[in-house]
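The values are calculated or read from the model by the stated rules, or taken from the named source; none is laboratory data. Since the model is a prediction, treat every value here as computed from it, not as a measurement. In this analysis, Cβ positions are derived from the backbone assuming ideal geometry, glycine residues included, and neighbour counts consider all displayed protein chains.
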Amino acid sequence: MSGLVPGLVPQGFSCSHGRKPLAAQSEPSRSHAVKSGRSARRAAPTGRPGRTDREIACNIEPSRLSSEVPAMPPAPRLAPLTGEGLLADRTYAALKKAILDNTLPPGTSLSVPELARQLDVSRSPVREAVQRLIHDGLATHAPHRGAEVSRVDIDDLRQLYVVREQLEGLAARLATEHLDGDGLAQLRGILAEHEAALAADADNAAQIELDMRFHRAVREFAGNPHLLAALEPIAGRSHFALHSLWRGAEAPRLALDEHRAVVDAMASGDPEMAEAAARRHISRLRVRLGQATAREAAPRRLRPSS
Ligand SMILES: [Zn+2]
């Protein structure tokens, strides 16, 4: 069975059908799209077991699309960059926010020239930002199309959460062994910010960013570069799921309470308790993904299992 996270991909899964995302750009622009040496998950050929019809439908060759869709400039979705700080960092932050709040939905082509035009910056910071997004797991390199916002498949997310549950547990255990007063204060600071965001009824993107910061801090305190390298892209991709899972009013509160339980266990100096608390947190999200799969699969024709 395979399904999409409900509400997660309101438009993005339709790629170029029906409307024209950044993907429907001119050929010269597409040739500038960022290439990456990393092998993308979506590099698998069409017809791979577990892919949805809609995903497969999105793999129509770009040449065919361009003949079907009249050439016109894509509608800008991003506002020109403002503010201070390193241009590369601001570009990265703007694109990441646009992905997390679904302004750039899954499957959207990350054309460097087009994004540079919309953000009113040069191509170089955009190129760098897209590479960072690929590293985060928020973008992937699509064969013949350059980079695009990672597509989300709920079955794939569930598999990802199985691994994430183990690794986040390990991260919490190792972090407990290394945690000092400063580290603990940092974690408590993130919890306090998250609490304030909840009280202010902050939008999902802000809360998801705080959730990501919390888990990033824990895995950095774990002090194991191999664990960090394994967990970083998994955590990035899995945060897509939160757009759907955090729809209920109680979900962000529950997540914050679970984060607090992890920190309390770490503060007590008990690595095993911290590991168990972190695993419980991720496992609950995995179970909710399973429930979402069941809901989504109900009206669908079941696929033969492979
Ligand atoms: Zn969390």
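Among the residues of segment 185-198, are any within 23 Å of residue 98 (Cα to Cα), among the basic types (Lys, Arg) and assigned by TED's automatic domain parsing to the domain that holds residue 160?
First, the residues of segment 185-198 that are within 23 Å of residue 98 (Cα to Cα): 190, 193-194, 196-198.
Restricting the remaining residues to those that are among the basic types (Lys, Arg) gives none.
Looking through segment 185-198, none of the residues is within 23 Å of residue 98 (Cα to Cα), among the basic types (Lys, Arg) and assigned by TED's automatic domain parsing to the domain that holds residue 160.
Which one is farthest from residue 114 (Cα to Cα) among residues in segment 134-162 that are out of contact with any helix residue (DSSP H, G or I) (no Cβ under 6 Å at 6 or more places or on another chain) and part of a helix (DSSP H, G or I)?
Filtering first and then ranking leaves 162.
If the Cβ limit is 8 Å and pairs must be 6+ apart or interchain, which residue in segment 253-270 that is in contact (Cβ under 8 Å) with a residue 12 or more places away in the chain and part of a helix (DSSP H, G or I) pairs with which residue that is within 11 Å of the ligand (Cβ to nearest atom) and aromatic (Phe, Trp, Tyr)?
255/246; 259/214
For segment 173-185, check the following and say yes or no: at least one residue is over 23 Å from residue 283 (Cα atoms) and among the basic types (Lys, Arg).
Taking segment 173-185 first, the residues over 23 Å from residue 283 (Cα atoms) are 178-185.
Adding the requirement that they be among the basic types (Lys, Arg) leaves none.
There is no residue in segment 173-185 that is over 23 Å from residue 283 (Cα atoms) and among the basic types (Lys, Arg).
Could you tell me which of the residues 175, 205, 222, 197 is buried (at least 16 other Cβ atoms within 10 Å of the Cβ), of a type in the set (Gly, Ala, Ser) and modelled with pLDDT under 80? First the steps, then the outcome.
Working: 175 fails: modelled with pLDDT under 80; 222 fails: modelled with pLDDT under 80; 197 fails: modelled with pLDDT under 80.
From the options 175, 205, 222, 197, the qualifying one is 205.
Does at least one position in segment 219-228 carry a residue that is of a type in the set (Phe, Trp, Tyr), free of Cβ contacts under 8 Å to residues at least 60 places away in the same chain and not in a helix (DSSP H, G or I)?
No, segment 219-228 contains no residue that is of a type in the set (Phe, Trp, Tyr), free of Cβ contacts under 8 Å to residues at least 60 places away in the same chain and not in a helix (DSSP H, G or I).
For segment 290-302, state whether one or more residues are surrounded by 14 or more Cβ atoms within 10 Å (Cβ to Cβ), among the charged types (D, E, K, R) and at pLDDT 75 or above.
Checked against the condition, which is being surrounded by 14 or more Cβ atoms within 10 Å (Cβ to Cβ), among the charged types (D, E, K, R) and at pLDDT 75 or above, segment 290-302 yields no hits at all.
Taking segment 135-159 only, how many residues are surrounded by 22 or more Cβ atoms within 10 Å (Cβ to Cβ) and closer than 27 Å to residue 287 by Cα?
So the answer is 10.
Which of the residues that make up segment 174-215 are touching a residue at least 24 places away in the same chain (Cβ under 8 Å), away from the ligand (no atom under 16 Å from the Cβ), in a helix (DSSP H, G or I) and of a type outside the set (S, T, N, Q)?
174, 177, 178, 183, 184
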